[in-house]
Amino acid sequence: MLHDLFPPGVQHALDLAGIFVFALAGALLAVRKNFDVFGIAVLALVTALGGGLFRDLCIGAVPPAAFSELSFFVTPLLAAALVFFLHPEVQRINRAINVCDAAGLGLFCVSGTTKAYEYGLGLTSSAALGVATAVGGGVLRDVLANEVPSLLRDREMYAVPAVVGASMIALFISFEVLNALTTALAIVTTFVLRILAMQFHWRAPLAWNRRSSVAEEP
Amino acid sequence: MLHDLFPPGVQHALDLAGIFVFALAGALLAVRKNFDVFGIAVLALVTALGGGLFRDLCIGAVPPAAFSELSFFVTPLLAAALVFFLHPEVQRINRAINVCDAAGLGLFCVSGTTKAYEYGLGLTSSAALGVATAVGGGVLRDVLANEVPSLLRDREMYAVPAVVGASMIALFISFEVLNALTTALAIVTTFVLRILAMQFHWRAPLAWNRRSSVAEEP
Amino acid sequence: MLHDLFPPGVQHALDLAGIFVFALAGALLAVRKNFDVFGIAVLALVTALGGGLFRDLCIGAVPPAAFSELSFFVTPLLAAALVFFLHPEVQRINRAINVCDAAGLGLFCVSGTTKAYEYGLGLTSSAALGVATAVGGGVLRDVLANEVPSLLRDREMYAVPAVVGASMIALFISFEVLNALTTALAIVTTFVLRILAMQFHWRAPLAWNRRSSVAEEP
């Protein structure tokens with residue numbers, strides 16, 4: 001989606017890699033929730049494609065890439081099949097998946113921001129949609145699995161690296177320095193921030209409780 | 001929505017019948033959850049129209065049929081009123097409703113696939129949107145009722161007949177043999193598969209658990 | 001959004017006021033659920049902008065106002081910051097917030113109906129989308145917080161005033177008497193009905209249970 005920034009083949013491979021790891025995360029949650037094979041496939045699809053679908057509907061890019069690009073649709077099904085047959089093995093490499101997921105986060109927030117801007121949105125809105133592209137699939141996955149979205153609750157700062165990456169792209173655009181190098185810089189920054197947040201257990205703050213926070217929760 | 005395949009009056013009556021039984025199922029869940037009269041109406045509307053609404057947004061058919069066709073909007077409200085006043089009677093004919101629901105499933109997956117193809121989507125995407133049309137309303141209903149969508153979890157193979165029916169339509173289109181007869185064949189196949197799945201309690205598989213599946217669920 | 005009915009500055013101020021109080025309600029729920037700072041911001045944004053976003057997607061107004069109007073996006077973030085730092089104080093003025101929320105309900109159902117009609121929808125559909133504009137954000141908020149939407153369950157007649165207000169606008173349009181005065185009348189009627197419903201604890205009916213309603217709930 002980063003037209004003219006990377007060779008088309010590179011872009012497409014990066015997109016598919018992001019979709020694949022996001023789909024793995026969705027399929028693994030489905031297995032944990034004891035969903036059947038169809039539930040595994042749906043959660044893989046929703047996690048991988050939900051964020052981009054939301055962005056495409058908001059910018060008027062219909063049909064969304066999820067439906068116009070066959071490989072975007074097939075890749076999550078492959079990830080679901082892999083998890084279906086091999087899930088204990090896949091879970092064992094959870095650490096590796098988290099690293100891939102961080103890379104997917106960087107790629108999606110950057111490509112989402114760029115695509116929204118190409119469709120005529122303002123810089124702030126483009127960055128907001130970039131973040132939504134990166135985290136939206138995970139939110140939809142948690143809603144379908146009937147859990148509070150981990151994004152809202154677990155204080156893991158999952159979104160902060162995406163906000164940083166999307167804001168960098170918006171700044172690069174406004175200063176007219178968006179190119180393959182600066183794009184790669186935003187992706188890498190997002191990726192590294194996410195890895196650091198996981199490594200050092202950075203925690204997002206709760207609301208400032210003047211009185212005890214326990215009193216708020218009956 | 002199956003333009004030129006059936007006489008318009010027949011199509012419209014079939015669409016309304018599908019909408020009506022889907023709305024009954026939504027309203028009955030609302031009663032079971034002790035929702036008030038407004039909750040019953042909303043769940044009837046969402047169950048009956050949610051799948052088609054999602055499809056129409058994805059293919060760019062705005063305003064969606066749910067809003068441009070008054071009878072599509074009024075029919076779920078009638079179903080909600082029926083359940084509101086007569087729900088023990090409606091529940092007693094649960095078996096009949098399941099049969100109607102199977103018919104609705106067949107009709108919606110076929111009309112959804114056809115409409116998506118008419119709007120220029122590829123065959124695989126059209127079939128996927130056909131399945132989404134058929135099962136999407138039920139998923140939205142369960143999400144609003146704060147339950148894990150039965151589609152993902154209950155192993156009842158609700159989606160498999162829809163996948164078969166939508167795939168048949170996609171194949172008929174690619175072999176250029178889509179007509180009233182083959183369309184009816186896809187609807188009937190979906191319907192019969194769904195009835196058989198209910199009758200013989202076919203179960204979708206869970207993920208292959210090399211170790212005990214219990215260990216996965218803390 | 002009520003083009004030509006009010007001076008643009010007045011309209012915009014009213015829109016922002018409605019967005020602000022809806023965002024406060026969303027942020028307060030996030031604090032009650034112990035969400036982190038990002039969860040507070042997301043719930044404020046979703047509550048304030050979700051209803052209008054749904055309406056804009058359905059009528060084909062892309063990019064939605066939530067993304068094309070920067071002040072619509074920034075206002076919920078300000079409300080979230082206020083709640084983040086001052087939430088015990090904000091909760092203490094809960095009564096005042098409920099009054100503002102009633103005003104927001106009136107404004108949103110009216111502006112939603114008008115905008116949908118301007119985009120070519122029928123009167124019934126426009127009124128339905130007006131109601132969806134007014135209550136949709138709250139439903140999305142509750143879904144994300146993993147609660148049954150209070151709209152469907154708590155019998156508080158939250159939606160009834162919105163239905164009345166949206167229907168009044170539809171009637172005014174069909175009789176060609178929509179102007180600043182009648183629009184204000186619809187807003188005030190919605191507002192007063194909502195205040196009365198809260199004051200006198202009007203309750204929406206549950207389904208008519210011929211047998212005991214307890215028997216339905218295992």
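The values are calculated or read from the model by the stated rules, or taken from the named source; none is laboratory data. The structure displayed is predicted, hence computed values, not measured ones. Don't worry about glycine lacking a Cβ; one is built from the backbone with ideal geometry, like all the others, and counts go over all protein chains shown. These area figures cover heavy atoms from the full protein model, side chains too; ligands, DNA and RNA do not enter into them. Shrake-Rupley method; radii C 1.70, N 1.55, O 1.52, S 1.80 Å.
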Measure off, as a whole percent, the carbon and sulfur share of the 1.4 Å-probe accessible area of the range C:156-196, all protein chains present.
79 percent
What average number of partner chain Cβ atoms lie no more than 10 Å from the Cβ of the residues making up B:134-144?
2
Size of the A/B contact, given as accessible area buried on both chains, probe 1.4 Å, in Å²
2800 Å²
Could you work out the relative contact order of the range B:8-203? I mean the mean sequence separation of Cα pairs under 8 Å and 6+ apart, divided by the number of residues, in percent.
23 percent
From other protein chains only, count the Cβ atoms within 10 Å of every residue's Cβ in A:122-133, then give the mean.
3
Peptide C:48-55: average number of partner chain Cβ atoms within 10 Å per residue?
1
Of C:Val139, C:Val163, C:Val148, which has the largest mean-square fluctuation in a 10 Å C-alpha GNM of chain C?
C:Val148
When only DSSP loop residues count, what chymotrypsin sites (Phe, Trp or Tyr not before Pro) in the range B:143-209 have their Cβ near at most 11 other Cβ atoms within 10 Å?
B:Phe175, B:Phe200
With a ≥ b ≥ c the root eigenvalues of the C-alpha gyration tensor of chain A, is it rounded (a/c under 1.5), prolate (a/b larger than b/c) or oblate?
oblate
How many nm is it between the label spots at C:Val74 and A:Glu89, if each spot is 7 Å from the Cα in line with the beta carbon?
5.4 nm
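Looking at the square roots a ≥ b ≥ c of the eigenvalues of the Cα gyration tensor of the protein assembly as shown, which shape do they give, rounded for a/c under 1.5, prolate if a/b is larger than b/c, or oblate?
rounded
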Rounded to the nearest 10 Å², what accessible area does A:Ile19 show when all protein chains are kept and the probe is 1.4 Å?
10 Å²
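Carbon and sulfur: what percent of the range A:1-65's accessible surface (1.4 Å probe)?
72 percent
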Around A:Asp36, what is the net charge, scoring Lys/Arg as +1 and Asp/Glu as -1 over all other residues with Cβ under 10 Å from its Cβ?
+1
With every protein chain kept in place and a 1.4 Å probe, chain B has an accessible area per residue in Å² of 40 Å²
Taking DSSP loops as anything outside H, G, I, E and B, show the longest stretch in chain A free of trypsin sites (Lys or Arg not before Pro) there with at most 13 other beta carbons within 10 Å.
A:1-202
Computed helical MRE - 222 nm, the protein assembly as shown, DSSP H runs ≥ 4 contributing -39500 (n - 2.57), nearest 500
-25000 deg cm²/dmol
Excluding residues fewer than 8 positions from C:Lys115 in its own chain, the lysines with Cα under 18 Å of it are none
In whole Hz and in residue order, list the ³J(HN,Hα) couplings for the range C:82-90 that follow from phi through the Karplus curve 6.51 cos²θ - 1.76 cosθ + 1.60, θ = phi - 60°; x for Gly and Pro.
4, 5, 4, 8, 10, 4, x, 5, 5
Distances in nm, one decimal, shortest first, from A:His12 to the same residue in every other copy, taking the label point 7 angstrom along Cα→Cβ.
4.5, 4.5
